[in-house]
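Here the structure comes first, spelled out in structure tokens, and everything after it is commentary.
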């Protein structure tokens, strides 16, 4: 279970600076980790320790499902202000997406949870 960082009001305002009204964030101490199975070309499933999964079909079709996802851009911004932790988003728009990409998927890392 991830440890969440309790933020002051000022920190919370900085974390949400420039965000859309529907975007919600929290900060956790531990780096998100994953386990994956399947082949790269036919089918691959990646399950993260936070509530997020990515599915890759035939390299091109990518589907993402989950209630939370690590926001790498906001994490780098947050860490650049001298704050520790990983920023997780619980934005409703991020809960389900489908994309078509014309390149081979990269390996999954916390900065690129879909492996794209």
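All of the numbers you see were taken from the coordinates with simple rules; none came from a lab. Bear in mind that the values here come from a model prediction, so they are computed numbers and not experimental data. Because the Cβ atoms are built from the backbone with ideal geometry, glycine has one as well, and the counts that use them run over all protein chains shown.
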query = Going by the structure shown, is residue 63 surrounded by fewer than 19 Cβ atoms within 10 Å (Cβ to Cβ), free of Cβ contacts under 8 Å to residues at least 24 places away in the same chain and under 23 Å from residue 108 (Cβ atoms)?
reply = no
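If I filter region 2-10 for residues that are in a strand (DSSP E or B) and within 21 Å of residue 97 (Cβ to Cβ), do I get at least one hit?
No, there is no match, as no residue in region 2-10 is in a strand (DSSP E or B) and within 21 Å of residue 97 (Cβ to Cβ).
Output the strands (runs of 3 or more DSSP E) that fall wholly within region 12-80 and possess 3 or more residues being in contact with a helix residue (DSSP H, G or I) (Cβ under 6 Å, 6 or more places away or on another chain) and under 18 Å from residue 98 (Cα atoms), or say none.
Hits in region 12-80: none.
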message = Given the criteria in contact with a strand residue (DSSP E or B) (Cβ under 8 Å, 6 or more places away or on another chain) and in contact (Cβ under 8 Å) with a residue 24 or more places away in the chain, does residue 24 qualify?
response = yes
